[in-house]
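What follows is calculated from the coordinates using simple rules that are stated; it is not laboratory data. Owing to the predicted nature of the structure, the values given are computational and were not obtained by experimental measurement. For neighbour counting, all protein chains shown are included, and Cβ atoms are generated from backbone atoms with ideal geometry for every residue, glycine included.
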Amino acid sequence: MTDHLDVLCEQMRYIDVDPYAVASTALRFGFPDALDLLALMATEGREDYAMVSATAERFARSGALHAPAELGERYDARAMGALAQALVGRAYRDSDYASSARMHRLAHALGPVEDQPAGFPRLLLQTHLAAGEHACLDALLADDPDLADDHMAWVIRTDRLGPVATGEGFDPQRWSESFTAVFAPEGLTPVRLGTIARRPFDQLGTVTPAPTVDAGVGPVVTVVMSVYAPDESFEPAVRSILAQTWTSFELLVIDDCSPAEHTARIDAVGGWDARIRVLHMPRNGGTYPIRNRALREARGELMTFQDSDDWSHPERLARQVEVLTRRPDVVMSLSSAVRLTPDLVLNRVGYDATRVNASSMMFRIGAVKERLGGFDPVRKDADSEFRNRLTTVFGEEAVVALPDVCAATQLTADSLSRDDFSFGYRAATRDAYGVDAGHWHERVAAGEVSPFLADDGPRAFPAPATFLSRTPAPVSCDVAYISDWRSGIHRYDGAPRRVGALVDAGLDVHLGQAMNLRHAFRVRRDTLADVLDLRASQQVGWLVWTEPVHSAVTFVDSPELLMFPRSSADVRLTTERLVVAAGMPSCVTERDWVLYDPRTVERAGRELFGVDVEWLPAHEGVAADLRARGAMGTILPPRPTGVVDPARPRSGGARSRPVLATAQLERMGKNRLKGAQIVQSLPPETAYDVRVLDDDGVVPKLFRKNPIPPSWSVLQGVPLPELLSDADFYVGYAPDAWGSGPTWPMLQALAAGAVLVVDPRHRPALGDAAVYAEPADVREVVDALTADAGAYLVQRERGYAFVRSALDPAAFAAYVSGLRP
């Protein structure tokens, strides 16, 4: 096995996470080693991806549906399923999905479906359908008909009748009879293919014209169609609106400054019907400035949208208008759409074929203009922001999403959003915009800010540069600070205060999100509130990795964050210096764990940023470990990187019934402290007042079989400073996976005047600022210091002195500022 695979095996033994969390992270960030790591997880470190893939291919050729015992002993079914899922992702799969189909088939053969996540059967069937493995698909369904729910069975049946699968034998009538089933549950007029267009998608229509329902009365609907260099679906899209049974509408076709050769064609549709008006934008700005202009130009009471390459069922407007006319409390209605490629393929691996149609949003123009103003005039994603803001202001009940499938949306290769989404992946720009918009909506809901957006007003929240301009200006900053800014990842809770110190010193700081797989989750986690506030107030910039930023110095909070980096192809941050803070040695010898490999970190630094890593060790012990483990980069003079604000000094010794506090117990399985060890370090006797801040709900899980000690107060939602303000002692027994570095609560406890009692492994980092004891010896230490007020006060003063000398925010900022070339 190569050195590289040896490192992956070391990390596999350490990270202790569900393989599907690894797969989800791989899909989200595209780190290059994902397939090998998952293969090692599936084989207990014996086989890399090439070896596992060869087995999957041999098994597929055998035609078997169930794995022999020999394979069951060699492979873990769940990890194989996760590997199969990772292969679906945009950076990992082959174009025909064959490799993922084979891997899904082997994972299915190894164990029951019930051992896999709920979406596994869908991916199993979808990858086989996409790969054209129809015989195997039939065999799987014959062996287990329950693999396909009604929706998936419809997709399989319809796509196998489509032109891609049947070629010259394509029968439009048979396909239409199957396809129209998606419209049938709500009683819409059946859909069929016509012959008036060249592209199959553009032949969509209905069997017979549906009768009009408004006869010229009722609210006028302004339908807005933005157009830029339209393709051949433009005219069919316009015709689908003219065919609506709700006839009280106007259609605003608004050209987004298309090249001149398209002008005549766009203008021509204005002569088709008196209800059509064609307008032209003075400059290209995207869909949302067009919608804001439409709000000014509209003559209707209601507004909705139609993409210039999609098709609306004739009853779409009528069904959505009906809800708004019947229920005055409803401000917006939506309907659903079925998604197809131009050649009528429904199967998009990882997705249902139907979903709520964002373009279908129909709202009361007066209410929106009065309360919301308009759309955020960015280039992408403002429809989601608009809908969420409307819900925030008017309430959930003001938005009705109908189950009716009333449109067909076209999946084209050149769609504006095509590269921004794939299974398990959303572009960093979309993530950043959604996070900042959501934070603004929370402030709107709290009454802190207005929800009103003027078309030409200042930005209410940050947006990626490429959302604001096709050619954004280059950006530079003093410091790019890389950490894990997700909530509940307690290893990095001190990072926002360090950033605050840099900002207070006048440095221009941009924040970048990274992560270690030990903190991988299957679902996205929220960003820390402190970081959201910094972004909203524009005190810091946000590194959207795909947008160019140049920093004088890039500061990485921990070597772990570069062990499994995102793909370098997606990183456009350049830097003069790359400094990696190493707060702890690379290994936990007692557990045979490798927290990080210096050579791997250095390689990742060069690949991502094009410069060599410079190491900032917390103390000489870390520096020695880096040298011993093969670090080749410059090792800077050791210094701690913790930053904390000192609290007001206390007076007096510990109380006769001392308050013992602890916080942030680790949630991970094997990396978590055992319940018996916690009881040892936090005495259960009533002679002590024990307070545990447990926002992650770890304590109840640890004490499932035994009651929580009655002298313990298990707290949630209490700010850490509040917990520490009344603590005589802070008892800090972090899991071994945290290494020897002090945790954020330990440092805050010192600043608050609590005496710190911790594991001896923290001595190199804390010196005489803490008292050291094994868990079983905590009571003896606490009792001795409680009884000896003088010794207690001396120890407290040592903590204060450490805070002043080693944890000063201004000194940290001056140090980082001095790293700039």
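Report the semi-axes of the equivalent ellipsoid for the range 3-148 in whole Å, largest first, where each axis is √(5λ) for an eigenvalue λ of the Cα gyration tensor.
Values: eigenvalues 115, 51, 37 Å².
Output for the range 3-148: semi-axes of 24, 16, 14 Å.
Give the separation of the Cα centroids, the range 567-620 to the range 694-752, in Å.
The distance from the Cα centre of the range 567-620 to that of the range 694-752 comes to 29 Å.
HN-Hα J couplings of the range 66-77 from phi, Karplus 6.51/-1.76/1.60, θ = phi - 60°, integer Hz, Gly and Pro as x?
10, 7, x, 4, 4, 6, x, 7, 7, 10, 8, 5
Pull up all non-local amide H partners of S335: gap of 5 or more, or a different chain, and H-to-H distance under 5 Å with H placed in the peptide plane.
Close amide H contacts, sequence-distant or interchain: N357, S360, L402.
In whole Å, what three semi-axes, largest first, describe the equivalent ellipsoid of the chain built from its Cα gyration tensor (square root of 5 times each eigenvalue)?
Three semi-axes, in Å: 54, 33, 25.
Per q in 0.14 Å⁻¹, report the Debye log10 I(q)/I(0) for the range 474-635, using one uniform scatterer on each alpha carbon and no solvent.
Relative scattering, expressed as log10 I(q)/I(0), comes to -0.70.
If I model the range 524-606 as equal point scatterers sitting on the Cα atoms and use the Debye formula, what is log10 I(q)/I(0) at q = 0.27 Å⁻¹?
Those come out to -1.33, one per q.
Given charges of +1 on the Cβ of Lys and Arg and -1 on the Cβ of Asp and Glu, with all other atoms neutral, how large is the dipole of the range 197-315 about its Cα centre, in debye to the nearest 20? Intermediate results must be reported in sequence, preceding the final value.
Working: 11 positive and 17 negative charges, 54 e Å.
Charge dipole of the range 197-315: 260 debye, to the nearest 20.
Among M515, L665, L534, whose Cα projects farthest towards the positive end of the dipole of the chain, with charges put on the beta-carbon of Lys, Arg (+1) and Asp, Glu (-1)?
L534
Magnitude of the Cβ-charge dipole of the chain, K/R +1 and D/E -1, about the Cα centre, nearest 20 debye?
Values: 85 positive and 110 negative charges, 181 e Å.
Value, rounded to 20: 880 debye.
For the range 159-176, take each phi angle, set θ = phi - 60°, evaluate the Karplus expression 6.51 cos²θ - 1.76 cosθ + 1.60, and give the result in whole Hz per residue in order, putting x for glycine and proline.
Ordered by residue, 3J(HN,Hα) equals 5, 6, 9, x, x, 5, 7, 9, x, 5, x, 4, 10, x, 5, 4, 4, 4 Hz.
If you take the charge dipole of the range 737-806 about its Cα centre, with +1 on Lys and Arg Cβ and -1 on Asp and Glu Cβ, which of V758, S805, A784 is farthest toward its positive end?
S805
Enumerate the amide H contacts of V771 below 5 Å, restricted to partners 5 or more residues apart or on another chain; note that Pro and chain-start residues carry no placed amide H.
Long-range HN contacts for V771: L756, V757, V758.
Hey, what's the Cα Rg ratio for the range 191-428 versus the globular rule of thumb, 2.2 N^0.38 Å?
Numbers: Rg = 17.0 Å, N = 238, 2.2 N^0.38 = 17.6 Å.
For the range 191-428, the normalised Cα radius of gyration is 0.97.
Considering only DSSP beta bridges where both residues belong to the chain, give the percentage that are antiparallel (nearest 5).
Percentage antiparallel, nearest 5: 20.
Within the chain, what is the number of lysine pairs with alpha carbons under 23 Å apart, leaving out pairs fewer than eight places apart on the same chain?
On the way: K369/K380; K670/K701; K670/K705; K674/K701; K674/K705.
Lysine pair count for the chain: 5.
Calculate log10 I(q)/I(0) of the range 216-274 for q = 0.22 Å⁻¹, where I(q) comes from the Debye formula with a single equal point scatterer on each Cα and nothing for solvent.
For the range 216-274 at q = 0.22 Å⁻¹, log10 I(q)/I(0) is -0.89.
Please identify every one of the chymotrypsin sites (Phe, Trp or Tyr not before Pro) in the range 173-276 that sits in a loop by DSSP and has no more than 16 other beta carbons within 10 Å of its own beta carbon.
On the way: sites: W175, F179, F183, F201, Y228, F234, W246, F249, W272; in loops: F183, Y228, W246, W272.
Passing sites in the range 173-276 are W272.
Could you run the Karplus curve 6.51 cos²θ - 1.76 cosθ + 1.60 with θ = phi - 60° over the range 366-373 and give me ³J(HN,Hα) per residue in whole Hz, x for Gly and Pro?
x, 5, 5, 5, 6, 9, 9, x
Out of every Cα pair in the range 659-806, what percent are spaced more than 26 Å from each other?
Details: 1929 of 10878 pairs.
Tail of the P(r) past 26 Å holds 18 percent of the pairs.
Out of A130, Q116, L141, whose Cα points farthest toward the positive end of the dipole of the range 68-186 (charges: +1 Lys, Arg; -1 Asp, Glu; placed on Cβ)?
Result: A130.
Nearest 10 degrees, 0 to 90: what angle lies between the long axis of helix 598-609 and the longest principal axis of the chain (Cα atoms)?
Its long axis makes an angle of about 40 degrees.
Taking just the C-alpha trace of the range 99-171, give me its Rg and Dmax in Å.
For the range 99-171, the Cα radius of gyration and maximum Cα-Cα distance read 12.6, 42 Å.
Over the C-alpha atoms of the range 409-500, what are the Rg and the largest Cα-to-Cα span, Dmax, in Å?
Considering the range 409-500 through its Cα atoms, Rg and Dmax are 16.8, 48 Å.
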